[in-house]
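One structure is given here, and the rest of the page talks about it.
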Amino acid sequence: MSGALLQATELVKTYGHGDAATRVLRGLSLRLDTGEMAALLGPSGSGKSTLLTILGTLMQPTSGSYIMLGQDLIAGNDADLTAFRNLHIGFVFQFHNLLPDFTALENVIFPTAVKEGRETASARARGRDLLTRMGLAERIDFPSTNLSGGQKQRVAVARALMNRPELVLADEPTGNLDRESAMQVMDLIAEINRDEGTTFLISTHDEKIAALCRRQIVVGDGVVTG
Amino acid sequence: MLYALKIATRYLTASKAQTALLVAGVAVGVFIFIFMSALIGGLAEFILSRTVGDISHITIEAEEADPAILISPGGQVLGVIEKGRARTATLADAETWVPLIAAVPGVIAVSPQISGAGFLTRGAQVAQVGVTGVEPGRESAILNLDGYMVEGTARLGSGLVVLGQTLADDLSLRLGQTVRLQSSAGVASVLTLSGIYKSGNGALDGGGIYVSLSTARTLFALPQGVTRIEIKLADLNTADATALRIRALTGLDAVPWTDGAEQLMEALNAQAQTGYFLKTFALITIVIGVASALLLSTYRRRPEIGIMRAMGARRGFVIFVFVTQGLLIGLIGGLTGAGLGYLALLPFPPREAFKSGTLPLDITQGSYGLAILLTVIGAILASILPARSAARVDPVTAIGQ
């Protein structure tokens, strides 16, 4: 382990206004160090997804501070945050969220292609390597809609890793998979965390999945409880 | 932005039926635009050729000299020499001016003429006629006399006359028969009918006769000069500018056909305005069609847009993807519509062969380039609203859908 990758302090997030206002995060603070593989546990509505969304710079908190790689991510404008997200943060969603009109390889290299404005040969090579590592060498040029659920999720993991981000945020990445596929995906995540030192924060309800992570962070009622 | 272009192309090819319908809609709009351009332009051409095609585009007439006045040293008018009815103003130096005018760019024919009035007598029948003396060989320089001949020849010579069919019928004249013509100058001459024409212009067919310039000299007692010079242009729309040029060159009072043709010009302008309205409506239809289709596409692809934004696609990138789709739809639809329009206009006769009773569609006035350009611009403008809507998609909400 090395120093802090990110430090979120006293995060508050309120949805709505007035009587209809709902406070989801109530002063949550969290530090993640580089190379950590942490599980984010907690009941539905505890604020896990909201926390991941804020840490992924897709949403701003109502108050609090958030610093990652020494950069204040509360103060940034949309263009700066988008560029930061592209370079430093990867996402894996519960429902894979692949682009349906693209092949597996095209989905994987999207983050690099959108950064460079074109699909370079080096991006294709890395995309192929990642898909091969995910056990999808035979599916590289398959349309994403022709892949199974487990294969789609592995493509999503490869896409999250494409730009070699320091942090990967995974929201229930195995929630939609059978046990065998879920374990395959988690093995891959653990391997990448071990080999490349990529930091993972994985939201899950599954105790067995959480047990595969070296650290468990429990969120309840909008704060870290354990 | 090559990558945005790729995504735009992929989106269009992913929904082939929808894209084909959209392109077809744009193509129909462009087709209508081109068809209307060809029809309005052809109609204007047809009307002009029928009304102005057989008349002089620029006319130079001799100016009547002011009446001579005898004034006393005290300023009193002692006597005025009134204009004689038989006196005719002349362009004495016509021979000098004709080659100069013929060399002016855009001038395709110059016809020096002697014109006047007269009476045509055959037996007991008398008809008042307008006499035009033209140079042999230039009979069809202004009026297409050759094209209107129904009997005989338009070729004029000494002692020959060519007249309209109505007049020939009125006087029961046949080719080769003689007729007596007395001019307003009081000179009479016996002429042989060498040709009969039918121009479709009632006044001309019933009262216009053509003789050679030398015969007209005798009839109107003009040993030199002419009474008018008629000029025909390659493009009658340049008459005003060319008349100014001839005026500057010769100092003569060159009058374009547009002087005194205000009603015709108003009618043509009104027709052109109608065309503009119809073409504008066609363009508006294209814009609405493209905008609505892309808006639907935006809503359908909201989750994908959310993913792209989450993966680091900037708002500008998303805008570019949708604007490029509009551009491609406009370009492909424009080219298709223009091609179909051209093919549809091919079977119609060229403007030189327009006939009454058929649609005067001028294939050369289809405004193909303008139609494609305006369509592309319209499609781009139409895509801006959907593109901005797509760029405003909240990734969190969209991914959660």
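Data table
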read-out	value
Under-5 Å amide H pairs with A:VAL224, H placed in peptide plane, nonlocal only	A:SER29
Distance in nm between pseudo-label sites at A:TYR15 and A:SER29 (7 Å out along the Cβ direction from Cα)	2.7 nm
Hz values of 3J(HN,Hα) by residue in region A:169-174 - Karplus curve (6.51, -1.76, 1.60), Gly and Pro given as x	9, 10, 9, 6, x, 10
Most mobile of B:GLY339, B:GLY79, B:GLY159 in a GNM of chain B (Cα contacts under 10 Å)	B:GLY79
For region B:256-264, Karplus couplings with θ = phi - 60° (6.51, -1.76, 1.60), whole Hz, Gly/Pro x	x, 5, 5, 5, x, 10, 4, 5, 5
Gaussian network model of chain A, Cα within-10 Å springs - most flexible of A:ALA211, A:ALA137, A:ALA20	A:ALA20
Added length on full extension, which subtracts the Cα-Cα distance from 0.36 nm per residue, A:ARG164 to A:ALA79	28.6 nm
FRET efficiency for B:ALA344 and B:ILE377, using Cβ-Cβ distance with R0 set to 30 Å, rounded to 0.05	0.80
Extension gain from A:ARG214 to A:ASP129, taking 0.36 nm per residue of separation minus the Cα-Cα distance	27.9 nm
Centroid-to-centroid separation of region B:45-62 and region A:121-186 [C-alpha atoms, Å]	79 Å
Spin-label pair B:ILE288/A:SER148, simplified geometry with 7 Å Cα→Cβ offset, distance in nm	5.1 nm
Proximal lysine pairs, the protein assembly as shown, alpha carbons under 23 Å, eight or more residues apart or interchain	10
HN-Hα J in Hz across region B:159-176 - Karplus 6.51, -1.76, 1.60, θ = phi - 60°, x for Gly and Pro	x, 10, 9, 10, 9, x, 5, 4, 5, 4, 5, 4, 9, 6, 9, 10, 3, x
Sequence-distant residues sharing a close amide H with A:LEU25 (under 5 Å, placed H)	A:LYS13
Pairwise centroid distance, computed over Cα atoms, of region B:235-262 with region B:304-347, Å	48 Å
Most mobile listed residue (B:THR96, B:THR298, B:THR153) in chain B, GNM with C-alpha springs under 10 Å	B:THR96
For B:LEU160, distant residues with modelled amide H under 5 Å away	B:THR192, B:SER212
Semi-axis lengths, Å, region B:127-255, gyration tensor of Cα atoms, sqrt of 5 times eigenvalues	28, 18, 12
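Read-outs throughout are calculated quantities, based only on the coordinates presented, and are distinct from any laboratory measurement. As the structure is a computational prediction, the values presented were derived from the model and not from experiment. Virtual Cβ from ideal backbone geometry, glycine too; neighbours counted across all protein chains shown.
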